[in-house]
Amino acid sequence: MSYLRPLRVLLLSTPVGAIGSGLGGGVELTLKSVARSLIQRGHSITVVAPEGSVLDGIPLIEIPGELQITAQTGGRDELITLPKNSVLGNMWDYARQVQHEYDLLFNFAYDWLPFYLTPFFERAIAHLVSMGSLSDAMDQIIGNVAERFPKTIGVHSLVQAETFQFASQCFNIKNGFDLSSYQFCAAPKNYLAWVGRIAPEKGLEDAVAAIQAVGVPLKIWGVIQDQNYWQKILADYPTAPIEYAGFLSTHELQQALGASRALLMTPHWVEAFGNVAIEALACGVPVIAYQRGGPAEIVRDGKTGWLVEPDRVDELVSAIAKIDQIDRTSCRHQAETEYSLEALSDRLETWFANILNSSQA
Ligand code: HBI
């Protein structure tokens, strides 16, 4: 644990949606965990976010303006765009005005503007990059900051950092959760779980193909983002024992997920982290995951789940057959030692100390 004097930190949220709208995806959960873990550690936190945001009990400044479009919909040569009356521009104009009331600014936006503005600010800015490399323009501007302000780029996994040229400059904060929201379940029911946006990059069809072979029921939770993709899975696997169980709140999800025998993670893309893997472990649920992306850095093969050769459905099947070899208490234990708010704040304080020491140099 690194000792750090109490800091005043200004957290600037993602501009793609108000907090609580679900539009901000994993960043919403991450921002709340970061805020709670730092407050628990004695730091004072203020959050700046688009108007309409909801944050129970944490000081919040709501900023008006038009939302930013999501970065992951474009290609490598995607242009940098800003709408009129941009909420991103308005958030960072506010930050410029109040920066001297804080010791450190903390950016959650995966957007060009906050990185470009960094040299114009007198206060140091910690940038948490929430996804892997998406476009040349974003890679370039983040790389500029990594070069000129060493140690200020945060990531969620080493494999995510590796998608950038400046991987060695990144600080891995992993992630952390309020584990008191997750109850340990020792005696699961006879079903497997799959959780996530139902879209091609998440590889749900592989999990369904494995279930068809194994015959254990699969419950599926998450938003159906791509209806055609979902309908094709139903058509291709008409006899697979699967049930779509909707999109649940964290409280409801952890109860249903916790009663499963294992979580299947079958990503076809490089997941930067994989929050749902931690949510499963926190409930004592072993994780069977492709050896790809963030989940491959989370699952302890043979101890808290099984890592499988990517895209090998036959290997998923043999891992499912071995799931009872995993001790469910080891899963909860790993969440408590590596992914609690306490563990997250240790990593955040080390990161901040690195930044503040080098920025004063
Ligand atoms: N797109 N432009 C933009 N800015 C963000 O901050 C952003 C995004 N897309 C997705 C996203 N953030 C989060 O949902 C993920 O980082 C989890």
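Annotations
- Candidates ARG5, ARG36 - the one that is under 21 Å from the mean Cα position of the chain (by Cα), more than 13 Å from the ligand (Cβ to nearest atom) and open to solvent by 40 Å² or more (accessible area, probe 1.4 Å): ARG36
- Test: residue in segment 36-54 that is assigned to a loop (DSSP other than H, G, I, E, B) and in contact (Cβ under 8 Å) with a residue 60 or more places away in the chain: yes
- Selection from segment 71-112 of residues that are among the aromatic types (Phe, Trp, Tyr) and within 10 Å of the ligand (Cβ to nearest atom): PHE108, TYR110, TRP112
- Any hit, segment 281-289, residues being open to solvent by 10 Å² or more (accessible area, probe 1.4 Å) and not in a strand (DSSP E or B): no
- In segment 239-250 there is at least one residue that is closer than 24 Å to PHE273 by Cβ and open to solvent by 70 Å² or more (accessible area, probe 1.4 Å).
- Single condition ILE355 does not satisfy, out of (1) under 18 Å from VAL195 (Cβ atoms); (2) open to solvent by less than 10 Å² (accessible area, probe 1.4 Å): (1)
- Residue satisfying condition, being in contact (Cβ under 8 Å) with a residue 12 or more places away in the chain, part of a helix (DSSP H, G or I) and open to solvent by less than 10 Å² (accessible area, probe 1.4 Å), within set LEU117, LEU113, LEU88, LEU105: LEU88
- Against the test of being open to solvent by less than 50 Å² (accessible area, probe 1.4 Å), among the basic types (Lys, Arg) and touching a residue at least 12 places away in the same chain (Cβ under 8 Å), the options LYS189, LYS151, LYS202 yield a single qualifying residue, LYS202.
The values are calculated or read from the model by the stated rules, or taken from the named source; none is laboratory data. These numbers come from a predicted model, not from an experiment. Counting neighbours? That spans all protein chains shown, and the Cβs are built from the backbone with ideal geometry, glycine included. Ligands, DNA and RNA are stripped out before the accessible areas are found, and what is left, the full protein with its side chains, is counted by its heavy atoms. Shrake-Rupley method; radii C 1.70, N 1.55, O 1.52, S 1.80 Å.
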